[in-house]
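Trainee: My questions all concern the structure below.
The values are calculated or read from the model by the stated rules, or taken from the named source; none is laboratory data. Being a predicted model, the structure only gives us computed values, none of them experimental. With ideal geometry, Cβ positions are generated from the backbone for all residues, glycine too; neighbour counts draw on all protein chains shown. What goes into the accessible areas is simple: the full protein's heavy atoms, side chains included, and nothing from ligands, DNA or RNA. Shrake-Rupley method; radii C 1.70, N 1.55, O 1.52, S 1.80 Å.
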Amino acid sequence: MEGAMAEAPRKILIVEDEEDIRSLVGYNLEAEGFAVVDASDGERGLHLAAKERPSLIILDLMLPGLSGLEVCRLLRAQEDTASVPILILTARAAELDKVLGLEMGADDYVTKPFSPRELVARVKAILRRAYGPANERPHESYERGWLRIDFDTYEVYRDGEAVGLGLREFDLLKFFVRNPHRVFGRSQILDLVWGHNVYVEPRTVDVHIRRLRQRVERDDTRPTLILTVRGVGYKFNPDALEE
Ligand code: CA
């Protein structure tokens, strides 16, 4: 297990048989920090709704097999999913009265074709209404063993104590945390952390690694977290956090 997100991102279930729309919507939601699961038919959608416990369901009305209306009704009828917000996707306005009425209780709708921006805005508005503003976008963080990082506030804690990191050291740490167990050479690290168009000596990496170790290692003379791989470069060893 790698470090889990301290607060999981909100999960959205998309039930839509058109693959293009499914991936477009999924892509745009993920870009906004949501976790996405999807289903191409109603049966699978119901199964995932019960299993994945999404915070919101985007439901297409025109589905093969079980229709969107039936899916909506079944979601509302089951205790587990009775109160999960539902956003309807539809090309036809005719069925909307029914689906938005008390009988079905969908929360909102978007008619096709729609802009992904508009859809994401609707999703956020419904989530805000259902769960309150604080839940719209949880702080992104990393927590494992004796290390905690808040990526939004740039705070890093070692054994519960705040350690001040320079911006570059913070970026380095973030990079390592997201790429555990992999060995990176100095020039790779320069490319990936500093960027392609920056001219700096590869030795610069060593300087920043040394500073980072001084802050986050328990004993920087014997690093266990950011390891030197002789002749190659460095790697991040999250297992050391459990020791
Ligand atoms: Ca459809």
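Trainee: Could you check the spin-label model distance between residue 128 and residue 207? Points 7 Å from the Cα along Cα→Cβ, value in nm.
Mentor: So the two model labels end up 4.5 nm from each other.
Trainee: If packing is taken as the mean number of other Cβ atoms within 10 Å per residue, what is the order of 168-178, 212-222, highest first?
Mentor: 168-178, 212-222
Trainee: Calculate the FRET efficiency for residue 121 and residue 227 from the Cβ-Cβ distance with a Förster distance of 35 Å, rounded to the nearest 0.05.
Mentor: So, using R0 = 35 Å, E works out to roughly 0.20.
Trainee: Residues of the chain: accessible area per residue at 1.4 Å, in Å²?
Mentor: That works out to 54 Å² per residue.
Trainee: Counting only residues 5 or more places away or on other chains, whose amide H sits under 5 Å from the amide H of residue 88 once H atoms are built in the peptide plane?
Mentor: 59, 107, 108, 109, 110
Trainee: Any chance you could look up the accessible area of residue 152 with a 1.4 Å probe, heavy atoms only, rounded to 10 Å²?
Mentor: 50
Trainee: Sticking with this one: All other residues with a Cβ under 12 Å from the Cβ of residue 71 taken together, and with Lys, Arg as +1 and Asp, Glu as -1, what is their net charge?
Mentor: The answer is -3.
Trainee: Still on this structure, please answer the following. Give the carbon-plus-sulfur fraction of the accessible surface of the chain in %, rounded to a whole number; probe 1.4 Å, heavy atoms of protein chains only. If you can, show how the numbers build up before the last one.
Mentor: Details: 6150 of 13150 Å².
In the chain, the share of accessible area belonging to carbon and sulfur is 47 percent.
Trainee: For every other residue with a beta carbon closer than 13 angstrom to the beta carbon of residue 168, add +1 if it is Lys or Arg and -1 if Asp or Glu, then tell me the sum.
Mentor: Taking every Cβ under 13 Å from that of residue 168, the sum is +1.
Trainee: Hey, rough spin-label estimate for residue 181 and residue 76, points 7 angstrom out along Cα→Cβ, what's it come to in nanometres?
Mentor: 4.7
Trainee: If Lys and Arg each add +1 and Asp and Glu each add -1, what is the summed charge of the other residues whose beta carbon sits under 14 Å from the beta carbon of residue 231?
Mentor: With Lys, Arg at +1 and Asp, Glu at -1, the neighbours total +2.
Trainee: Then there's this: Show me 29-42, 51-64 ranked by packing, highest mean number of other Cβ atoms within 10 Å first.
Mentor: Ranked by mean Cβ neighbours within 10 Å, highest first: 51-64, 29-42.
Trainee: Taking a cut-off of 16 Å between Cα atoms, list the lysines near residue 124, but don't count ones fewer than 8 places away on the same chain.
Mentor: 11
Trainee: Please say if segment 11-131 is rounded, prolate or oblate, where rounded means a/c under 1.5 for a ≥ b ≥ c the square roots of the C-alpha gyration tensor eigenvalues, and otherwise the choice is prolate for a/b larger than b/c and oblate otherwise?
Mentor: Details: a/c = 1.23, a/b = 1.15, b/c = 1.07.
In terms of gyration-tensor shape, rounded.
Trainee: Right, something else. What aspartates and glutamates does residue 51 reach when the alpha-carbon gap must be under 17 Å and sequence neighbours fewer than 8 apart in one chain are set aside?
Mentor: Leaving aside aspartates and glutamates fewer than 8 places away in the same chain, those within reach of residue 51 are 38, 41, 43, 79, 80.
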